[in-house]
Amino acid sequence: MKKRAKILIVDDNMENIDLLEAYLFPHGYEVVSALSGEEAMDKLSMGDQGDQIDLIILDVIMPLGIDGFEVTRRIRRSSTHKLLPVVLITALKDREDRIKGLEAGCDDFLSRPVDKSELLARVRSLLRISEYRQSVEDVLIQAKADAEASNRAKSEFLANMSHEIRTPLNAVVNMSRLLLDTQLNPEQWDYAHVATTSSEILLYLINDILDFSKIEAGKLELESRDFDLRDVVESVVKSLKFHTNEKGLYLIHKVDSDVNLYFRGDQMRLRQIILNFINNAVKFTAEGGINIRVSLEDAGIISEDKSDTHTMVKFEITDTGIGISQECVKLLFQTFSQADTSTFRKYGGSGLGLAISKQLSELMGGKVGVESELGCGSTFWFTALLEKSSGISDKDSEVEKNCLTSENLPNTNINILVAEDDIGNQKVALAILKKAGFSVDIVNNGMEALKALQNKPYHLVFMDMQMPEMDGIEATKIIRNLDSGTLNPRIPIVAMTANATADDRQQCFDSGMNDFITKPIYPDELLSVIKKHVRVKRSEIRTNDEKVKVKGSEVSIDLFDHKDFLKRLGGDEFLLKFLMLSFPKNLAQRMENLKKALEKQDALDINFQAHAIKGISATCAANKIRDIAYEMELAGKANRIDIANSLMYRLEQEAVVFQLVISDMFPEINS
């Protein structure tokens, strides 16, 4: 049964409402009344009752509160009732009121005295129009939802396909590169070079597809880190020098002197846009070269709230290539487009690079553009709103001091575990890491990784996300648990995976991983992440059996690193002896406090006392004591009194050994 249409009548005179209701009710209409504009708006906002109103008839003139025009305007601004038919009652032939009503958004008019037949005819007509309008709106809403679902499905499909292709491509790209480094005859080298170049082109295409799918799905997020702008530009130039030299092209870059060099933002995406633009310039330039300029954009276009903290930087890439006709310029920066089909046949390309660059620039608060003339070269430019920074932080500098460096990577005696189920990727990782001088073990899944970490000390783990039996996410969560039985629950774990979305990255970090690199793996990227996370000082990069001589005996540098301690004190032997004189007493007092905390089973105090012991031990290069104290600190934080108790015996033993060592090295301590 069709429901009765509900009509809201708004008039400050109840007699007028009664008259209209008498006209409407016998014809199957339900009437709701309001004596003011405010009351009408209240009824419309009353949940179910407001949602059921099908049409509103209101008087233009209401002495108190808001009039009919204002009610109409508010209805049109409402997201819920913007399509509600509105009929205004005006004076007979009042042209000014009718114009004002139309501007406010009304649908029709009635004049007093209201004619019954005219009223019914207008109501029937407007309700039919409203019903049709609502059906169209419903169709549009459903069509929008279907389109969004289709886009999501397409983006997920592209991301999944990119993942599936990346895994075998990782082996193809890196094995080809490794092959080029072996002894090959000219014909073999040529074949390997073609295979490497072709696989890298395929990789660029897959990266474009993945970025495009992430942008469409709204899943591409920008990072925010301090960086040096000059380093970003120069790194791109260096990476393309081989290609430009091969074609006999010059590649010049200049950063204007008034451009601040230090910013905070996503340097990887900034580098990606520059790389896209220069790659295009190289592709379409046969002679001459490419000029890169970085300058300041007009500060007036920066919003007032960011004018003091941000800078609009402009990047221009000018080439002496084939140029673009004005008819074709309008096609640029559009998805899957080329200037013309002959360009695609001759030079190749997906047509995604410029579209992605445009979207990335806009995500950074900037724009893109091109100035070109057919046969006379082109200038592609983009801007980015970058946050000002005072420079690379001291914290980052300190991390660099304590990390591996390019000079000391080979023969470091660093043990690395790779958890990966794909044989091709296993061989790639093994080849790259062994070539760099690392000791490498390979396991096939998370379960095997756990067993390996329980039996052998490693410095870092590369963990694939998707593996049989136990995946990398689950394995990492178990490793981080102090009850896992692994020798070092805080070992750096780096995801090495073909999954490359922001959600995948967050999932890795949530599980306890320290970093994330995507396949295909670049050797430089692999070594860079090792430098970042393996905290090994130069003095520690020696063979396992290297010792420090002490009066005819040998002391492991793991127990006491005399050389490193002296170096940190600027070579001041007197200061070193002074600190070592006070250390045994301080350590003894702290250990006594720790014992009392253990007796009371006070986890908070255990954590505090162990932390204090870790601090004074680290200061005096008592490395074994420091490491055991850190484990006790973690046990206290996790409220694991049992683990802390078991570690106390080891701590006491190491303290005794350390006391003997320094007594031998510094006899004055006992005097």
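Simple point charges give the picture: +1 on the Cβ of Lys and Arg, -1 on the Cβ of Asp and Glu, and for region 450-513 a dipole about the Cα centre of about 340 debye.
Using 1/(1 + (r/R0)^6) with R0 = 41 angstrom and r between the beta carbons of R4 and I61, what's the FRET efficiency to the nearest 0.05? So the FRET efficiency works out to roughly 0.90. Amide H to amide H, with H built 1.01 Å from N, L296 comes under 5 Å of K314, counting only residues 5 or more places away or on other chains. When the charge dipole of region 424-464 is built from unit charges on Cβ atoms (+1 for Lys and Arg, -1 for Asp and Glu) and taken about the Cα centre, the candidate among V461, L433, A449 whose Cα reaches farthest toward its positive end is L433. Considering only the Cα atoms of region 232-304, their convex hull presents on average a projected area of 5.9 nm². Site pair R152 and E246 shows an inter-label distance of 4.3 nm when each label is modelled 7 Å from Cα along Cα→Cβ.
Near Q426: Cβ cut-off under 13 Å, other residues only, Lys/Arg at +1 and Asp/Glu at -1. The net charge is -3. Other residues within the sphere of radius under 14 Å centred on the Cβ of Y23, judged by their own Cβ, net out at -3 (K and R +1, D and E -1). Evaluating 6.51 cos²θ - 1.76 cosθ + 1.60 at θ = phi - 60° for every residue in region 96-111, the Karplus couplings come out as 5, 5, 5, 4, 5, x, 5, 5, 6, x, 6, 9, 7, 10, 10, 10 Hz, glycine and proline recorded as x. For S33, nonlocal amide neighbours, meaning residues 5 or more places apart or on other chains whose placed amide H falls under 5 Å from its own, are I9.
Ordering I274, I292, L249 by the projection of their Cα atoms onto the charge dipole of region 238-309, which places +1 on the Cβ of Lys and Arg and -1 on the Cβ of Asp and Glu, puts L249 at the extreme positive end.
Filter K82/K367; K531/K614; K456/K596; K154/K451; K388/K435 down to the pairs with a C-alpha to C-alpha distance above 28 Å, please. Result: K82/K367; K456/K596; K154/K451; K388/K435 exceed 28 Å.
Taking θ as phi - 60° and the Karplus parameters 6.51, -1.76 and 1.60, the scalar couplings of region 183-191 work out to 6, 10, 7, x, 5, 5, 4, 5, 4 Hz in sequence order, x denoting glycine and proline.
Computed with a 1.4 Å probe over protein heavy atoms only, the accessible surface of region 448-511 comes to 42 Å² per residue.
A simple count of charges around I616, restricted to other residues whose Cβ falls under 11 Å of its Cβ and scoring Lys, Arg +1 and Asp, Glu -1, yields +4. 3J(HN,Hα) along region 229-246, derived from phi through the Karplus expression 6.51 cos²θ - 1.76 cosθ + 1.60 where θ = phi - 60°, amounts to 4, 5, 4, 4, 5, 5, 5, 5, 4, 4, 5, 9, 4, 4, 5, 5, 5, 4 Hz, with x in place of Gly and Pro. Taking label points 7 Å from Cα along the Cα-to-Cβ direction, N413 and L566 give a separation of 1.9 nm. When region 111-151 is described by a simple charge dipole with +1 on each Lys and Arg Cβ and -1 on each Asp and Glu Cβ, the residue from N151, V123, P113 located farthest towards its positive end is P113. Here's how it looks for V440: its modeled amide H is under 5 Å from those of I416, which are all 5 or more places away or on a different chain.
The values are calculated or read from the model by the stated rules, or taken from the named source; none is laboratory data. This is a predicted model, so every value here is computed, not measured. Neighbour counts are summed over all protein chains in view; Cβ atoms, including those assigned to glycine, are modelled from backbone coordinates with ideal geometry. Ligands, DNA and RNA are excluded from the accessible area calculation, which covers all protein heavy atoms including side chains. Shrake-Rupley method; radii C 1.70, N 1.55, O 1.52, S 1.80 Å.
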